[in-house]
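Taking it in order: structure first as C-alpha cells, then the write-up.
None of the figures in this text is laboratory data; all of them are computed from the coordinates on show. Only a predicted model underlies this, so the values are computations on that prediction, with no experimental measurement involved. Cβ sites come from the backbone with ideal geometry, for glycine too, and all protein chains shown count toward neighbours.
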Amino acid sequence: MGKLLHLVMGGRVKDPQGLDFVNLEEMDIVGVYPNYKAAEKAWRGAAQRTVDDAEMRYVVVHLHRLLDPDEHEPVPDSED
C-alpha cells in the first residue's frame with residue numbers, strides 16, 4: 001500500500017465552531033505528510049501557535065481518502 005497522505009492547513013474562520021474559512025487566499029498550508037502521526041504533530045504545533053486566537057483553526061485533511069475513496073474506507077485516526 002502507498003503512503004496515506006494527510007494535509008495540514010488552517011486559517012481564520014467565521015465561527016470558531018465551524019470550518020467556514022474567511023479568506024482562502026490567506027490559508028496557512030502547513031504541509032503534506034505521509035501518515036496521520038506526522039500530520040497530527042504538525043497540526044498540534046500550528047494550533048499551539050494560535051491558541052489565543054479563537055478565530056484561527058487548523059485541520060488535518062485525509063488526502064488519501066479523497067484521492068482514492070474506494071480503496072480507503074473510514075478508519076479510526078489512530079490506525080492511519
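Tabulated data
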| read-out | value |
| --- | --- |
| Within the range 21-55, tally of residues that are assigned to a strand (DSSP E or B) and hydrophobic (A, V, I, L, M, F, W, C) | 4 |
| Of all residues making up the range 40-71, the number that are surrounded by 17 or more Cβ atoms within 10 Å (Cβ to Cβ) and basic (Lys, Arg) | 2 |
| Residue that is farthest from Lys3 (Cα to Cα) [pool: residues in the range 14-59 that are among the acidic types (Asp, Glu) and under 11 Å from the mean Cα position of the chain (by Cα)] | Asp28 |
